[in-house]
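Below: one structure, written as structure tokens.
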Amino acid sequence: MRGALGILGVLAVLVGAVFIGQGTNVIHGSSMSGHGAYAGLGAVLLVIGVALVIWAWRIRAGRRV
């Protein structure tokens, strides 16, 4: 389970970063470019992804002890 949480967390971080980049018009070439709502959604995904990675890391550390 910890592996799946970690992978899901990393994917959410990556997708969130792309959404933020497109929402703030740093990454061009999409219908999402320049729309602030996507930057907000990306920030939420980024926070959720970091939380999942930390959770997976804590599960992993707890089983080693």
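Read-outs: derived from the displayed coordinates by stated rules, not from any lab. Since the structure is predicted, the reported quantities are computational estimates derived from the model, not experimental observations. Counting neighbours? That spans all protein chains shown, and the Cβs are built from the backbone with ideal geometry, glycine included.
Data for the structure
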{"quantity": "Angle between the chain longest axis and helix 36-64 axis [Cα atoms, degrees, rounded to 10]", "calculated": "10"}
{"quantity": "Pairwise label distance in nanometres, residue 55 with residue 2, each label 7 Å out on the Cα-Cβ vector", "calculated": "1.5"}
{"quantity": "The chain: angle of helix 2-23 to the longest principal axis, Cα-based, in degrees nearest 10", "calculated": "20"}
{"quantity": "Rounded, prolate or oblate (a/c below 1.5 giving rounded, otherwise prolate when a/b exceeds b/c) for the chain by Cα gyration tensor", "calculated": "prolate"}
{"quantity": "Protection-proxy order for peptides 11-24, 37-50, each taking the mean of Cβ atoms within 10 Å per residue, highest first", "calculated": "11-24, 37-50"}
{"quantity": "Förster radius 22 Å - calculated FRET efficiency between residue 27 and residue 47, Cβ distance, rounded to 0.05", "calculated": "0.65"}
{"quantity": "The chain: relative contact order as a whole-number percent, Cα under 8 Å and 6+ apart", "calculated": "42"}
